[in-house]
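Before any comments, here is the structure.
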Amino acid sequence: MTPPPVIVDASGPLALLLDQEEAPLMLAASRRWVRTGMRILVPDHFWLEVTHPLLRRHRWTSDEVLTGLRDIDGLRPQTIPIDRPMLLLAVDLAERYRLSTYDATYAALAQVTGGTLATFDQALRQAVPDLLESGFGEIPVRRVNDGDAPYGEHPVAWPDWSEIGSYLGVLRRRAREELGAADRR
């Protein structure tokens with residue numbers, strides 16, 4: 001039986017690249033994932049979430065960033081494009097738990113794939129504790145950008161559409177048609 005995939009958010013690889021206090025936890029977990037052949041998944045915006053702080057906040061050169069990306073590639077993460085149905089799930093999670101849509105997308109990907117979530121992000125850990133990868137950062141880490149927002153489930157203004165399934169089907173069909181048209185060009 002294939003183990004469920006692990007979805008890695010940017011906080012773990014950034015901890016490694018920046019040699020933060022969480023780096024040993026990330027290193028041990030990533031070695032275990034590679035050794036056991038676990039599939040490692042990241043949403044497509046993961047790469048932006050890694051490179052942006054390296055370039056802007058930490059003032060890394062492009063050469064340093066490329067070296068860091070090569071190091072992350074050593075984990076052989078599979079990049080998953082975020083389609084509209086997953087985006088809608090992420091929007092629901094973002095509103096429900098007051099997460100950024102970026103963070104909520106990691107949780108949505110874990111839900112859709114039946115995977116676990118590896119993150120040091122406190123808000124994300126508190127929002128979806130049932131999705132967390134066991135043994136990965138058992139002690140939540142408070143990040144500088146974590147505010148004092150009240151975490152936990154909140155009322156949702158998500159529309160109660162009985163037609164949501166057919167709407168998602170239409171979105172998927174449109175996406176396939178757009179991809180087909182782009183391929184024919």
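Derivation of every value follows stated rules applied to the coordinates shown; laboratory data play no part. Only a predicted model underlies this, so the values are computations on that prediction, with no experimental measurement involved. Neighbour counts are summed over all protein chains in view; Cβ atoms, including those assigned to glycine, are modelled from backbone coordinates with ideal geometry.
Some notes on this structure:
- From the alpha carbon centroid of the stretch 22-39 to that of the stretch 44-94 is 18 Å.
- Here the contact order of the stretch 6-154, divided by its residue count and restricted to Cα pairs under 8 Å and six or more residues apart, works out to 28 percent.
- The simple spin-label model puts a point 7 Å past each Cα toward its Cβ; for residue 126 and residue 78 those points are separated by 3.3 nm.
- Kirkwood estimate for the stretch 6-154, i.e. one over the average of 1/r between Cα atoms, Å: 15.5 Å
- GluC sites (Glu not before Pro) within the stretch 1-98: DSSP coil, no more than 13 neighbouring Cβ in 10 Å: 21
- With Cα atoms as the point set, the radius of gyration and Dmax of the stretch 1-90 evaluate to 13.8, 44 Å.
- Sparse-neighbourhood loop sites, trypsin sites (Lys or Arg not before Pro) in the stretch 42-137 - DSSP loop, at most 12 other Cβ within 10 angstrom: 56, 57, 59
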